[in-house]
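K.L.:
Following this message is one structure expressed as structure tokens.
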Amino acid sequence: MDFFKFLRTKTFWWHILLMFVAGIVFLCLLGWALSLYTKNNTTVIIPDLKGHQVAQLALELKNTDLDFVVIDSIFREDSRGGEIVDQIPAAGKKVKKGRKVLLTINAYDRPKVKMPKLVDHSLRNAQVVLNVAGLRLGKVLYKPSEYNDLVLEQKYDGQQIAEGTLLAKGACIDLIVGRGNQSKQVVVPSCVGMPLHEAILTLNAASLRKGNLYYDDNVSNAEDSLSAVVYQQNPAADGTQQMPLGSSIHLWLTSNMQKVIDAQISEEEE
């Protein structure tokens, strides 16, 4: 009986009320502590880091509450050494403060590749070998020889370059190619619509050479020149135009694709 009487006393109900209030306070404190631990509502937006120099990040982004880590490097000719070319997470993503942002930068130095043996190869085969080795074809000079279209010498920076020599990837290699019958004529190929490197390969495959280059007003910087394509050439290619082996073809380039389309339509009409 004493227990049931106690249930009807004010003391009992005060204890119940205090326990209820203490429970609420405990839950509030627990939620607050968890919020601090998980850093809830403290997100930041990932900035776009592509094109930034990694050496300047500490100064430029010192108040972003993010941690930047370089995890890889690649080599791209159109970027400067140390320039950020990729990031994870991507720009615009919301993350919690302190999140690591993984960066890929452009290498400061070109990777090295071995010079292949091109002498005694045909010009066409030499182009393939150079491409596989990560090198580029530079000037193609012709000289009289009983072996037509055969590579007689390989040069880098004006000097003979031996097989196995280490060179920076993308280096240009000049070739001296035999020209057996100097009176032989070849059909001029069309380079319209091609980027410069492709046009050079096309001309060299036809035993012709790149002549003068002319860029229009739309090409104002190095980035434009990389994307520029041929919209005019001289002599023009009409399917019948012929030139002696080793002749030069002058090229006009633009980044205005409408000029290219108009030139291609004009070629088809002719």
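K.L.:
Using alpha-carbon pairs under 8 Å, 6+ residues apart, how would you state the relative contact order of the chain in percent?
P.N.:
13 percent
K.L.:
Separate question: Going through the DSSP H helices of the chain, which span 30 Å or more along their own axis at the Cα atoms while scoring at least 1.0 as a mean Kyte-Doolittle hydropathy?
P.N.:
10-38
K.L.:
Now a separate question. Given a Förster distance of 45 angstrom, what is the FRET efficiency for GLN185 paired with ASP72, based on the Cβ-Cβ distance and rounded to 0.05?
P.N.:
Efficiency for this residue pair is about 0.30.
K.L.:
Can you give the Rg and Dmax of the stretch 56-96 based on its C-alpha atoms, in angstrom?
P.N.:
In Å, with Rg to one decimal and Dmax whole: 11.9, 35.
K.L.:
If you don't mind, there's one more thing I want to ask. What's the local net charge at VAL177, with K and R +1, D and E -1, over the other residues with C-beta under 11 Å away?
P.N.:
Taking every Cβ under 11 Å from that of VAL177, the sum is +2.
K.L.:
Amide H neighbours of TYR214 under 5 Å, counting only residues 5+ apart in sequence or on other chains, H built in-plane at 1.01 Å?
P.N.:
LEU251, TRP252, LEU253
K.L.:
Can you give the net charge of the other residues whose Cβ lies under 9 Å from the Cβ of ASP149, counting K and R as +1 and D and E as -1?
P.N.:
Net local charge, ASP149 excluded: +2.
K.L.:
Apply the Debye scattering formula to the stretch 15-157, with a single equal point scatterer on each alpha-carbon and no solvent, then give log10 I(q)/I(0) at q = 0.10, 0.18, 0.19 Å⁻¹.
P.N.:
Per q value, in the given order, log10 I(q)/I(0) is -0.63, -1.01, -1.07.
K.L.:
With every protein chain left in place, what is the accessible area per residue of the stretch 208-251 in square angstrom, probe 1.4 Å?
P.N.:
I get 54 Å² per residue for this part.
K.L.:
VAL188's amide H: which non-local residues (gap 5+, or another chain) put their own amide H closer than 5 Å, with H modeled 1.01 Å from N in plane and none for Pro or chain starts?
P.N.:
Hits under the 5 Å cutoff: GLN241, GLN242, MET243.
K.L.:
Check LEU66: other-chain or 5+ apart residues with amide H under 5 Å from its amide H, H built from backbone geometry?
P.N.:
GLY98
K.L.:
For the stretch 186-225, what Kirkwood radius comes out of the mean inverse Cα-Cα distance, in Å?
P.N.:
For the stretch 186-225, inverting the mean 1/r across all distinct Cα pairs yields 11.3 Å.
K.L.:
Oh, and also: Can you work out the base-10 log of I(q)/I(0) for the stretch 135-270 at q = 0.10, 0.12, 0.14 1/Å, using the Debye formula on its C-alpha atoms alone?
P.N.:
-0.38, -0.54, -0.71
K.L.:
Near GLU83, within a Cβ-to-Cβ distance under 9 Å, what is the net charge of the other residues, with Lys and Arg +1 and Asp and Glu -1?
P.N.:
+3
K.L.:
Taking square-rooted eigenvalues a ≥ b ≥ c of the alpha carbon gyration tensor, is the stretch 88-172 rounded, prolate or oblate, where a/c under 1.5 means rounded and, failing that, a/b exceeding b/c means prolate?
P.N.:
prolate
K.L.:
How do 89-98, 129-138, 75-84 rank on mean C-beta neighbours within 10 Å, highest first?
P.N.:
Sorting 89-98, 129-138, 75-84 by mean packing, highest first, produces 129-138, 75-84, 89-98.
K.L.:
Of the beta bridges DSSP finds with both residues in the chain, what % are antiparallel, to the nearest 5?
P.N.:
Approximately 60 percent, going by the DSSP bridge assignments.
The values are calculated or read from the model by the stated rules, or taken from the named source; none is laboratory data. Remember, predicted model here, so these are calculated numbers, not experimental data. FYI the Cβ positions are ideal-geometry reconstructions off the backbone, even for glycines, and counts take in every protein chain you see. Remember, those area values only see protein heavy atoms, side chains included, never the ligands or the DNA or RNA. Shrake-Rupley method; radii C 1.70, N 1.55, O 1.52, S 1.80 Å.
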